[in-house]
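Asks: Quick one: the structure is below, questions incoming.
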């Protein structure tokens, strides 16, 4: 596997032209809004909104590169935040202990997804979209549809503390987590295995890899990241909600961002840095629409439209790559046959 410079590879990716367009749109919006777009308060809003998505990208991005998908991330995040908030409200345990309990619970959710996909052989799409409905139902049953307020001030400080007065500490934490997973993806054997499993699981198995084991680890990581992302959101909102995170559909936004950033929906290629740029683009795009006074329902429509375009571009790119590989293989076979006949 050739190691390429991330910046160089990204400028050559299919999403780079979109970046240029959105940068131009950001400048135009800043001019039209008389500079409000780049105001410190507005930029803080954008950064805070990115935190949960960056954390979830660390799990979902690896899942996508491995050729799988998890559509239950929003439900897992919501359920974990409710468990955390309920324990904080009804017990005297330090919130650090409650956090560990919640993370263990999240890992159990990951094991459920692993069981459905690895043992029962459900397609990941079907298994996780079904579990998403289960988690949504559990959230409503647990609280009766009501929010749970979080009053642990030391925990809430995570969601409101800014470094140097303008950089959210939760955003910095999210970037550090992403950097760690990007390092794992780029420079470790486990990272190379993820690419191999996503690119060709049959060849990976024949080479001695265990795709089921890799898939289990990735689902566990993904569930842990869903939990952490949900808790950071709760620290900002000062509550746990049975519907707010799910209705915000962070999983679909992260998938959109990942594809825009060059992660192949079918697996086998991409990196988290590109996904991070995708997250930034989507959040700037959403913020631009809000500043321009466009109604919320049009914002949702626009985000869905962007996802559809990203999927279409990814599909076309994969088809071209597949046809090129077939043509190269056919040419090689023809050359070999000609050599044998001569």
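Asks: Residue 308 passes all but one of (1) in contact (Cβ under 8 Å) with a residue 12 or more places away in the chain; (2) in a helix (DSSP H, G or I); (3) within 18 Å of the chain's Cα centre (by Cα); which number fails?
Replies: Status for residue 308: all satisfied but (1).
Asks: Can I ask one more? Please identify the pairs in which a residue from the stretch 286-302 that is more than 17 Å from residue 253 (Cβ to Cβ) has its Cβ atom under 6 Å from the Cβ atom of a residue that is exposed (fewer than 12 other Cβ atoms within 10 Å of the Cβ), counting only partners at least 6 apart or on another chain.
Replies: Correct list of pairs: empty, since none qualify.
Asks: When you scan the stretch 196-249, how many residues do you find that are surrounded by fewer than 22 Cβ atoms within 10 Å (Cβ to Cβ) and outside any helix (DSSP H, G or I)?
Replies: Matching residues across the stretch 196-249 total 9.
Asks: Would you call residue 260 within 26 Å of residue 31 (Cβ to Cβ) and under 12 Å from the mean Cα position of the chain (by Cα)?
Replies: yes
Asks: What is the one condition in (1) surrounded by 24 or more Cβ atoms within 10 Å (Cβ to Cβ); (2) without any contact (Cβ under 8 Å) to a residue 24 or more places away in the chain that residue 122 does not satisfy?
Replies: Status for residue 122: all satisfied but (1).
Asks: Moving to a separate point now. Residue check: is residue 313 surrounded by fewer than 18 Cβ atoms within 10 Å (Cβ to Cβ) and touching a residue at least 12 places away in the same chain (Cβ under 8 Å)?
Replies: yes
Asks: So residue 89 passes all but one of these: (1) outside any helix (DSSP H, G or I); (2) over 25 Å from residue 253 (Cβ atoms); (3) in contact (Cβ under 8 Å) with a residue 60 or more places away in the chain. Which condition number does it fail?
Replies: It is condition (1) that residue 89 fails.
Asks: Which of the residues spanning the stretch 143-157 are surrounded by fewer than 17 Cβ atoms within 10 Å (Cβ to Cβ) and either part of a helix (DSSP H, G or I) or under 23 Å from the mean Cα position of the chain (by Cα) (or both)?
Replies: 153, 154, 157
Asks: Just checking, does the stretch 41-58 include any residue being part of a helix (DSSP H, G or I), more than 23 Å from the chain's Cα centre (by Cα) and either without any contact (Cβ under 8 Å) to a residue 24 or more places away in the chain or under 30 Å from residue 191 (Cβ atoms) (or both)?
Replies: Yes - at least one qualifying residue is present in the stretch 41-58.
Listed here are the residues, each with its yes/no results for (1) assigned to a helix (DSSP H, G or I); (2) within 18 Å of residue 233 (Cα to Cα); (3) modelled with pLDDT of 95 or more; (4) touching a helix residue (DSSP H, G or I) at 6+ places or on another chain (Cβ under 8 Å).
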{"residue": "78", "(1), (2), (3), (4)": "yes, yes, yes, yes"}
{"residue": "84", "(1), (2), (3), (4)": "yes, yes, yes, yes"}
{"residue": "103", "(1), (2), (3), (4)": "yes, yes, yes, yes"}
{"residue": "106", "(1), (2), (3), (4)": "yes, yes, yes, yes"}
{"residue": "113", "(1), (2), (3), (4)": "yes, no, yes, yes"}
{"residue": "128", "(1), (2), (3), (4)": "yes, no, yes, yes"}
{"residue": "131", "(1), (2), (3), (4)": "yes, no, yes, yes"}
{"residue": "141", "(1), (2), (3), (4)": "yes, no, no, no"}
{"residue": "159", "(1), (2), (3), (4)": "yes, yes, no, yes"}
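Asks: Here is a further query. Looking at the structure I just gave you, is residue 174 modelled with pLDDT of 95 or more, assigned to a helix (DSSP H, G or I) and either surrounded by 15 or more Cβ atoms within 10 Å (Cβ to Cβ) or on the phi > 0 side of the Ramachandran plot (or both)?
Replies: Spelling it out, residue 174 is indeed modelled with pLDDT of 95 or more, assigned to a helix (DSSP H, G or I) and either surrounded by 15 or more Cβ atoms within 10 Å (Cβ to Cβ) or on the phi > 0 side of the Ramachandran plot (or both).
Residue-wise test of (1) surrounded by 14 or more Cβ atoms within 10 Å (Cβ to Cβ); (2) over 22 Å from residue 240 (Cα atoms); (3) touching a strand residue (DSSP E or B) at 6+ places or on another chain (Cβ under 6 Å); (4) modelled with pLDDT of 95 or more.
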| site | (1), (2), (3), (4) |
| --- | --- |
| 8 | no, yes, no, no |
| 12 | no, yes, no, no |
| 33 | yes, yes, no, no |
| 43 | yes, yes, no, no |
| 48 | yes, no, yes, no |
| 57 | yes, no, no, yes |
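Asks: Quick one: is residue 252 surrounded by fewer than 17 Cβ atoms within 10 Å (Cβ to Cβ) and assigned to a helix (DSSP H, G or I)?
Replies: Yes, satisfied.
The values are calculated or read from the model by the stated rules, or taken from the named source; none is laboratory data. Note that the structure is a prediction, hence the values are computed from the model and not measured. Because the Cβ atoms are built from the backbone with ideal geometry, glycine has one as well, and the counts that use them run over all protein chains shown.
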